[in-house]
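The block underneath contains the structure these notes are about, expressed in structure tokens.
The values are calculated or read from the model by the stated rules, or taken from the named source; none is laboratory data. The structure presented is a predicted model; accordingly, all values stated were derived computationally and were not measured. Cβ coordinates were reconstructed from backbone atoms using ideal geometry, including for glycine residues, and neighbour counts include every protein chain displayed.
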Amino acid sequence: MKLKNQAISLDSLDWKILKALQENSKQTYSQVGRKLGVAHSTVYDRIRKMEKNGVIKKWTIDIDHKKIGMNYVTARMTVYTDPKESENVAKALSEAKEVLEVSMSLSEELLIIVKVVARDQDELHSFIAKKVAPLQGVLRIRTSIITKKIKEEKIIIEKK
Amino acid sequence: MTPSSPARILRTLSRENAFYFFTSVGNYTGHRAMSLEEFATKIREVPTASLEFHFYRGDFEKWTAEVLEDSELTKRIRAVKLLEPAGNNLRDQLDFTVSKRLEELKSTE
């Protein structure tokens with residue numbers, strides 16, 4: 001693993017380990033090692049280095065909220081902003097507990113795209129009306145409530 | 001409860017207390033009212049879909065009661081509900097009700 005123009009350069013084994021962990025992060029170092037034909041200590045060392053360098057940001061779990069009776073409302077919110085205020089709006093949105101993702105897009109105009117969750121539609125509307133619309137620089141907001149999810153996967157990385 | 005003074009009802013509000021006009025859940029039109037006077041103007045400008053959305057959710061009454069603290073206007077908006085107006089009829093009814101109340105408050109200030 002080398003630093004190249006601030007980006008961390010991974011070798012072929014690092015990529016293979018990441019791919020194996022993205023498919024199933026619960027497998028042991030030995031299982032990953034066996035699959036890749038290397039010692040478990042090598043896998044351990046590589047993972048530790050990638051954690052230390054921030055390549056692996058965190059270990060988490062993916063919960064099926066429906067199965068435990070938590071039917072949240074998920075929505076994609078597009079916030080049109082005054083370009084001078086967009087960074088501040090994005091920062092404020094990032095700090096809200098209802099917000100899961102914040103991205104920026106510059107197509108015809110500057111947009112902030114936000115994934116937001118709430119217990120129900122009333123709570124969602126209340127959050128947008130009381131916490132988002134009043135932010136300095138917010139010009140208008142379009143919100144789409146997700147009614148059916150067809151596919152949701154994290155990207156499986158491949159070695160370049 | 002003591003009625004609020006005209007000056008109190010007519011004050012300019014903070015951004016947090018302004019009324020934000022939406023057309024449906026989460027869809028903000030970009031129009032907001034930071035005083036009763038602005039609210040009267042916006043009623044004539046916002047899409048009718050926005051008036052219908054807020055009117056039948058009770059958002060206008062909630063704002064006039066809790067933020068503007070105008071119990072008289074709240075009572076009059078509730079009375080409009082009995083007529084079940086829609087579209088431009090709703091706009092006209094609200095415009096008449098709010099503008100009349102605004103004039104009264106301004107004349108007694």
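Quick notes on this structure:
- Hits in the stretch B:14-28 - residues which are surrounded by fewer than 18 Cβ atoms within 10 Å (Cβ to Cβ) and either of a type in the set (Lys, Arg) or in a loop (DSSP other than H, G, I, E, B) (or both): B:14, B:15
- Residue-level check: of (1) at pLDDT below 95; (2) within 12 Å of chain B (Cβ to nearest Cβ), residue A:135 misses just (1).
- Boolean, residue B:39 is in contact with a strand residue (DSSP E or B) (Cβ under 7 Å, 6 or more places away or on another chain), buried (at least 20 other Cβ atoms within 10 Å of the Cβ) and within 25 Å of residue B:15 (Cβ to Cβ): yes
- Of all residues in the stretch B:29-51, those that are closer than 13 Å to residue B:95 by Cα have Cβ atoms under 9 Å from Cβ atoms of residues that are among the acidic types (Asp, Glu), 6 or more apart or on another chain, in B:36/B:70; B:40/B:95; B:43/B:95; B:44/B:95.
- Yes/no for residue A:75 being part of a helix (DSSP H, G or I), surrounded by 11 or more Cβ atoms within 10 Å (Cβ to Cβ), in the same structural domain as residue A:130 (by TED's automatic domain parsing) and at pLDDT 95 or above: no
- Filter result for residue A:55 (more than 30 Å from residue A:11 (Cα to Cα) and β-branched (Val, Ile, Thr)): no
- Yes/no for residue B:35 being within 14 Å of chain A (Cβ to nearest Cβ) and closer than 23 Å to residue A:135 by Cβ: no
- Scoring residue A:99 on the criteria (1) within 14 Å of the chain's Cα centre (by Cα); (2) farther than 30 Å from residue A:9 by Cα; (3) modelled with pLDDT under 95 leaves a single failure, condition (3).
- Residues that are more than 14 Å from chain B (Cβ to nearest Cβ) and at positive phi occur at least once in the stretch A:42-55.
- Scanning the stretch B:10-22 for residues that are closer than 15 Å to residue A:133 by Cβ and either touching a Leu at 6+ places or on another chain (Cβ under 6 Å) or more than 10 Å from every other protein chain (Cβ to nearest Cβ) (or both) yields a single hit, B:13.
- Some residue of the stretch B:45-55 being in contact with a Pro (Cβ under 8 Å, 6 or more places away or on another chain), part of a loop (DSSP other than H, G, I, E, B) and within 14 Å of chain A (Cβ to nearest Cβ): no
- Taken together, the criteria exclude residue A:102 from residues that are in a helix (DSSP H, G or I), in contact with a strand residue (DSSP E or B) (Cβ under 7 Å, 6 or more places away or on another chain) and away from every other protein chain (no Cβ under 12 Å).
- The number of residues in the stretch A:49-99 that are among the small types (Gly, Ala, Ser) and touching a strand residue (DSSP E or B) at 6+ places or on another chain (Cβ under 6 Å) comes to 4.
- When A:56, A:112, A:150 are checked against the criterion of being under 20 Å from the mean Cα position of the chain (by Cα) and either under 19 Å from residue B:24 (Cα atoms) or assigned to a strand (DSSP E or B) (or both), a single residue qualifies: A:112.
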